[in-house]
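What follows is one structure encoded as structure tokens, with my remarks underneath.
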Amino acid sequence: MRKPVTILTEADLRALVPLDLAAIDCIEDAFRALATKPVAMPQVLRLDIPEHRGEVDVKTAYIPGLDHFAIKISPGFFDNPKLGLPSTNGMMVVLSTTTGLVEALLLDNGYLTDVRTAAAGAVAARHLAAADFQSAAILGAGMQARMQLQALSLVRPINDVRIWARDPAKAEAFAADISQQLGFPVAVSEAVKGATQTADVIVTTTPTESPILHLADVQPGAHITAMGSDAGHKNEIAPDLIEAAHYVADRLNQTRLLGELRHSPLADRDFPELGQIIAGQAPGRSSAQQITLADLTGTGIQDTAIAALALSRAAKAGAGQSFTL
């Protein structure tokens, strides 16, 4: 007999899957699986609706050993705030790996994507940044900027943070709010270089279409996590910085199409993936002075992993509603 379908709302999922070390470890395990298991992960399906500044990504992956896989639908319509609506939303459909039947609908409005993206940033810093990093620069002042900083603070004790954003008022409000939330001071810089030139870790979180971070903005030994570019027209990192850094992809065939690597003359070269470094199959940081760069475009394996975690916790807690198709 067919099992009932579980429905979990955003409120349910926020309670079940906070951004914590368990979520970070879940995403680290997913990256390791990508390097060590016969994972099936197709290319991202992307739909652009330019007249409404809209884009929709569909991502999925099958991880051997898990009982479920997720198909995520992730729209971003960037004129929505003018209508009083959020610019991003979305949902995940969770299916059985044994029967292919739908077992859950995760109506998260993009929350699980925010969690797994922030967790991936923390995983990259954990494996590529200097072991004793303490200072950080965040470029951007949106939701992902907030969550990336929160995730970083979970893997290392940070005591010096600087924020830059194109809108100074938004940057000031963000800094005041996040410093109160996390319990350490956060300063605002008027220029990118003012934020980044002394930072051990730099996280770029903007949807810009032209580079905002160059080699001259970065000190030797810094680690950069670039996560704003998830489409071919987006570009945060200048080619000179990619060329100078130890470049690491989340998925190489994806960053060549959607990530920072797309805009580099080095795009045809082979580079290590984050999962390979986690699994010990490729070298990470080689010296204290080396600049490292993680190009994170967001992978379907992260979505399946975080969805499986959510569904497991929901079953234990008896959370959500169920109905029979």
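Remarks
- For residue 259, the requirement of being free of Cβ contacts under 8 Å to residues at least 60 places away in the same chain and surrounded by 18 or more Cβ atoms within 10 Å (Cβ to Cβ) is met.
- Residue pairs meeting the criteria (Cβ under 9 Å; at least 6 apart or on separate chains; first over 30 Å from residue 38 (Cβ atoms), in the stretch 49-71; second of a type in the set (Gly, Ala, Ser) and in a strand (DSSP E or B)): 53/76; 54/76; 55/74; 55/76
- In the stretch 18-35, the condition of being farther than 30 Å from residue 277 by Cα and surrounded by fewer than 19 Cβ atoms within 10 Å (Cβ to Cβ) is met by no residue.
- Taking the stretch 265-288 as the range and being small (Gly, Ala, Ser) and surrounded by fewer than 23 Cβ atoms within 10 Å (Cβ to Cβ) as the test, the residues that pass are 267, 279, 280, 282, 284, 286, 287, 288.
- The stretch 102-129, residues that are of a type outside the set (Asp, Glu), assigned to a loop (DSSP other than H, G, I, E, B) and either at pLDDT 95 or above or over 15 Å from the mean Cα position of the chain (by Cα) (or both): 109, 129
- In the stretch 61-79, residue surrounded by the most Cβ atoms within 10 Å (Cβ to Cβ) [restricted to those that are closer than 12 Å to residue 308 by Cα and among the aliphatic types (A, V, I, L, M)]: 70
- Conditions (1) of a type in the set (Gly, Ala, Ser); (2) on the phi < 0 side of the Ramachandran plot; (3) out of contact with any helix residue (DSSP H, G or I) (no Cβ under 8 Å at 6 or more places or on another chain): number failed by residue 280: (2)
The values are calculated or read from the model by the stated rules, or taken from the named source; none is laboratory data. For clarity, every value in this text was computed on a predicted model and none was experimentally measured. When we count neighbours, we look across all protein chains shown, and the Cβ atoms used for this are built from the backbone with ideal geometry, even at glycine.
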